[in-house]
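Asker: Below you'll find the structure I mean.
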Amino acid sequence: MDAHQEEASAVHVEALRGWVLAILVLGLAGTVIELILLGHYEQPLQLVPVVLILASAPALAWHVMHRDSASLYALMTIMALFVRAGFVGFLAHFYGSAEFQLDLDRSISTWDLLLKVMRAKAPPLLAPGMMMQLGLLGLAYVFSDAHYRPCATRVLRFLRLKETR
């Protein structure tokens, strides 16, 4: 690849990074508005996604203004917490729904309980997946930065998602 192609490629990567960042910000705004409108703050555990989203706002602003490695690291840390919160939220929704179903019918079989929990509208079992998606999108943004590309490449190789040459 010659210098002109490398420069054009870098410009394309930066344009894509800008789109990823814009989609991340829209997703964060939409999710926090939805959580607030749904009253997702009645119990302390329900505040976790709201607090994480609110914590991501200054980290994103810091990164947009300074574009340094410290702001990228802060963003990476918060986005990793998003992914973890998504898993914890999935478990919380699962157990909350299972408790409700068991309160209604203590004699329910395990299989029927699992089916009812998976089909429950409240709490929606897969809703915490949005936190995972936002976290993974944020991590994709972070690792697409030139400072982190060698690290991202090592991670992908470790996960066997990228060819070793």
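Read-outs throughout are calculated quantities, based only on the coordinates presented, and are distinct from any laboratory measurement. Everything quoted here is computed from the prediction, not taken from an experiment. Backbone-built Cβ (ideal geometry, glycine too); neighbour counts: all protein chains shown.
Asker: Have a look at Leu28, Leu134, Leu37 and tell me which one the Gaussian network model of the chain (Cα, springs below 10 Å) gives the largest fluctuation.
Answerer: Comparing Leu28, Leu134, Leu37 in a Gaussian network model of the chain, the most mobile one is Leu37.
Asker: Mean Kyte-Doolittle of at least 0.0 plus a Cα span of 27 Å or more along the axis: flag which DSSP H helices in the chain meet both, please. Walk me through the intermediate numbers first.
Answerer: Numbers: long enough: 3-37 (51 Å, 1.14); 47-66 (29 Å, 1.71); 69-104 (52 Å, 1.09).
The answer, listed by residue number, is 3-37, 47-66, 69-104.
Asker: Please report the Cα spread of the chain along all three principal axes, rounded to whole Å, starting with the longest.
Answerer: Extents along the principal axes, in whole Å: 70, 36, 21.
Asker: Please express the Cα-Cα pair-distance distribution P(r) of the range 7-67 as a list of whole percents, one per 5 Å bin, running from 0 to the bin with the greatest distance.
Answerer: Calculated P(r), rounded to whole percents: 4, 17, 19, 20, 15, 10, 8, 4, 3, 1, 0.
Asker: Continuing with this model, one more query. How do Thr31, Thr110, Thr77 line up, fewest other C-beta atoms within 10 Å first?
Answerer: Thr110, Thr77, Thr31
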